[in-house]
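See structure below.
The values are calculated or read from the model by the stated rules, or taken from the named source; none is laboratory data. Every value quoted in this text rests on a predicted model; they were computed, and no experiment measured them. Backbone-built Cβ (ideal geometry, glycine too); neighbour counts: all protein chains shown. The accessibility values were calculated without ligands, DNA or RNA, using every heavy atom of the protein model including side chains. Shrake-Rupley method; radii C 1.70, N 1.55, O 1.52, S 1.80 Å.
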Amino acid sequence: MSINARPFNYPYDGNLDPAVTALLVIDLQIDFLSADGYFARKGYDPSPLRAIIPNVNALIAAAREAGCTIVHTRQGYRADRADMTPYEVWRRQRAGIDNTQVLLRSSPGYEIVPEIDVQSADIIVDKTANGAFTYTDLEHVLRARGITHLLFTGCTTDVCVHTTLREAQDRNFQNLLIEDACASGDAYAHEAAVHMVTVEDGIFGVVAKTEDVITGLKGVRR
């Protein structure tokens with residue numbers, strides 16, 4: 001069983017196994033999706049990010065039913081800001097959020113938006129960098145569970161999703177980007193990021209639609 005994708009179906013060997021597959025939900029936090037969070041303060045429209053919530057929840061339900069691992073990530077800094085470099089402090093100042101609680105782990109905005117279906121059995125990984133493998137235990141958790149295949153959703157396609165996907169590829173995970181379950185405030189950046197996955201015959205993985213992923217998962221439900 002496999003998922004219809006481009007430039008080739010996923011996984012490449014036709015053996016879609018939920019036991020070794022994780023759905024990653026990247027950074028769907030209040031601070032990114034709200035009208036007064038980091039993303040909006042940078043001048044971007046967060047509505048494209050909110051628009052993917054129904055697809056993400058449908059994928060979570062299908063993946064959970066099939067027996068996949070569900071992993072959510074959250075990006076932000078320690079409440080005491082001890083993990084901020086001078087450059088990161090400067091970027092906060094430049095963004096006009098230096099004297100706010102935006103993207104601090106002590107703030108309500110750090111939490112995943114309540115519309116996303118998070119359950120107690122799901123795994124939550126807190127990160128500081130754009131990539132979810134950097135300075136986190138994500139790889140250790142995935143290896144401990146025998147996970148070799150990753151399905152990507154979340155925000156933003158061109159930054160945190162793509163960085164994590166590239167990190168995963170270098171660690172020899174098999175990657176599928178779900179293009180209508182990830183988003184960016186910059187439409188061109190989203191399209192470019194999706195395209196880059198498929199270059200060189202899938203150098204970073206493959207791309208599929210929500211409907212095709214759900215169909216594939218239904219075919220292998222336990």
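Could you compute the net charge surrounding ASP126? Neighbours are other residues with a C-beta less than 10 Å from the C-beta of ASP126; K and R count +1, D and E count -1.
Neighbour charge sum, excluding ASP126 itself: +3.
Please work out the Cα convex hull volume for the chain and give it in Å³ per residue.
116 Å³
What's the angle, to the nearest 10 degrees (0 to 90), between helix 53-66's Cα axis and the longest principal axis of the chain?
It is inclined by approximately 50 degrees.
Work out how much length ARG94 to GLU115 would gain on full extension: take 0.36 nm times their residue separation and subtract the Cα-Cα distance, in nm to one decimal.
Between ARG94 and GLU115, full extension yields 4.5 nm more.
Expressed as an acute angle from 0 to 90° and rounded to the nearest 10, what is the orientation of the C-alpha long axis of helix 86-95 relative to the principal long axis of the chain?
With rounding to tens, the tilt is 80 degrees.
Would you kindly work out the equivalent ellipsoid of region 163-222 from its C-alpha gyration tensor and give its semi-axes, the square roots of five times the eigenvalues, largest first in whole Å?
21, 16, 10
With Cβ to Cβ distances under 14 Å as the rule, what net charge do the other residues near PHE204 carry (K, R +1; D, E -1)?
-3
In region 1-89, what chymotrypsin sites (Phe, Trp or Tyr not before Pro) fall in a loop by DSSP, with at most 14 other Cβ atoms inside 10 Å?
PHE8, TYR12
Could you tell me the center-to-center distance, by alpha carbons, between region 114-162 and region 1-43 in angstrom?
Cα centroid to Cα centroid, the span is 9 Å.
Using a probe radius of 1.4 Å on heavy atoms only, what accessible surface per residue do you get for the chain? Whole Å² is fine.
Computed with neighbouring chains in place, this is 45 Å² per residue.
Where the accessible area of region 87-178 is counted over protein heavy atoms with a 1.4 Å probe, how much of it, in %, is carbon and sulfur?
Heavy-atom surface of region 87-178 belonging to carbon and sulfur, 1.4 Å probe: 46 percent.
How far apart, in nm, are two points set 7 Å out from the Cα along the Cα-to-Cβ line at ARG145 and at ASP80?
According to this spin-label approximation, the distance is 3.1 nm.
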